[in-house]
Amino acid sequence: MKSKETRVYKVLAIAGSDSGGGAGIQADIKTVTALGCYATTAVTALTAQNSLGVHSVFEIPAPFVVQQIDAVMTDIGTDAVKTGMLMSKDIVEVVSSKIKEYNIKCVVVDPVMLSKNDKRLLSPDAVHALTSQLFPLSSIVTPNIPEAECITGLNIKSVSHAEDAAKYIYQLGPSHVLIKGGHAGKSWDLKNREKVIDILYDGKSFAYIEGAYLPTQNTHGTGCTHASAIAAFLAKGNRLTEAVVQAKKFVTLSIQESFNPGRGYGTLDQFKAVQFP
């Protein structure tokens, strides 16, 4: 008896590997899988890291990144792409070229620049390539506050500052900008200090995506998980705003279920988070 075929939703994660298992490609795979999609990967860098931080980074040659993307796209294909740590100008350029070549429409760009212990994960000359070549191809870019400050040169200390940053980044070409408020903690000018606000901008209006403020250091891989969750929801056909809202819920629950496998920052538990509908 022939088995009934089911629709497989696919997400290609293009990012670095975290040997500690909490962030990067490892977080991407866990997130995409937990949300019911099939994860493929193109690894851009190998890191020697653990819960205490990044100790060393080995960049994958750009031609081999190309071979990984081609291998996936010429056979498996994808419904969405999520980019994370891209490391160098050459890698940013080849990733941008392949997104155009394969006409990939759902592209989530997490502009990973620094690790939690301030290890640089994107070379200075790659920042311009990222903003000028990859941002215009993206459905959404998802900088946290330090990344948004690096891109814009602004000092973001309030919601209104974040709105200004979103407008600035939108002019660089993405369809949507999400400024994540996690790094603000409870310091922004909010009426409800128990909330974290992410600010979504589509070039016309702002949406304010709320989540509970969770006072914990178990946040390693939050940005990777967030961007991959958005990509997974987009792959399954959600509209962008709904994908962002659902991803926020997923990340918040993943942090609530977080744990600490080492002596430093703890990590999210994406699989326990899928208890929500």
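The values are calculated or read from the model by the stated rules, or taken from the named source; none is laboratory data. What you see is a predicted model, and the numbers here were worked out from it, not measured in a lab. So basically every Cβ, Gly included, is an ideal-geometry build from the backbone, and we count neighbours across all protein chains shown. Accessible surface is based on the protein model in full, side chains and every heavy atom, while ligands, DNA and RNA are left aside. Shrake-Rupley method; radii C 1.70, N 1.55, O 1.52, S 1.80 Å.
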query = Residue check: is residue 110 buried (at least 17 other Cβ atoms within 10 Å of the Cβ) and modelled with pLDDT of 95 or more?
reply = yes
ask   = What about residue 265, is it over 20 Å from residue 54 (Cβ atoms) and either of a type in the set (Gly, Ala, Ser) or not in a helix (DSSP H, G or I) (or both)?
value = no
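Please tell me if residue 194 is without any contact (Cβ under 8 Å) to a residue 40 or more places away in the chain and over 30 Å from residue 104 (Cα atoms).
For residue 194, the condition - without any contact (Cβ under 8 Å) to a residue 40 or more places away in the chain and over 30 Å from residue 104 (Cα atoms) - is met.
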remark   = Residue pairs within 6 Å by beta carbon, gap of at least six or interchain, first lying in segment 9-34 and over 19 Å from residue 99 (Cα atoms), second β-branched (Val, Ile, Thr) and in a loop (DSSP other than H, G, I, E, B), listed first then second, are 34/274
request  = Give segment 1-49 a look and list any residue that's in contact with a strand residue (DSSP E or B) (Cβ under 7 Å, 6 or more places away or on another chain), of a type in the set (Ser, Thr, Tyr) and open to solvent by less than 30 Å² (accessible area, probe 1.4 Å), or say none.
outcome  = 17, 40, 44, 47
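Yes or no, residue by residue, for (1) in contact with a helix residue (DSSP H, G or I) (Cβ under 8 Å, 6 or more places away or on another chain); (2) in a helix (DSSP H, G or I); (3) among the aliphatic types (A, V, I, L, M):
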position: 16; (1), (2), (3): yes, no, no
position: 28; (1), (2), (3): yes, yes, no
position: 31; (1), (2), (3): yes, yes, no
position: 36; (1), (2), (3): yes, no, no
position: 43; (1), (2), (3): yes, no, yes
position: 56; (1), (2), (3): no, no, no
position: 65; (1), (2), (3): yes, yes, yes
position: 78; (1), (2), (3): yes, no, no
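So that you can scan it fast, the table gives a plain yes or no per residue for (1) buried (at least 20 other Cβ atoms within 10 Å of the Cβ); (2) under 29 Å from residue 90 (Cβ atoms); (3) touching a residue at least 12 places away in the same chain (Cβ under 8 Å); (4) aromatic (Phe, Trp, Tyr):
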| position | (1), (2), (3), (4) |
| --- | --- |
| 133 | no, yes, yes, no |
| 150 | no, yes, yes, no |
| 157 | no, no, yes, no |
| 160 | no, no, yes, no |
| 178 | yes, yes, yes, no |
| 181 | yes, no, yes, no |
inquiry  = So, residue 186, is that one open to solvent by 50 Å² or more (accessible area, probe 1.4 Å), more than 17 Å from residue 16 (Cα to Cα) and either modelled with pLDDT under 95 or of a type in the set (D, E, K, R) (or both) or not?
reply    = yes
request  = Being of a type in the set (Lys, Arg) and closer than 19 Å to residue 231 by Cβ is the filter here, so list the residues in segment 60-92 that pass it.
outcome  = 82
ask   = What number goes with the only condition from (1) of a type outside the set (Phe, Trp, Tyr); (2) more than 19 Å from residue 11 (Cα to Cα); (3) open to solvent by less than 30 Å² (accessible area, probe 1.4 Å); (4) modelled with pLDDT of 95 or more that residue 255 does not pass?
value = (4)
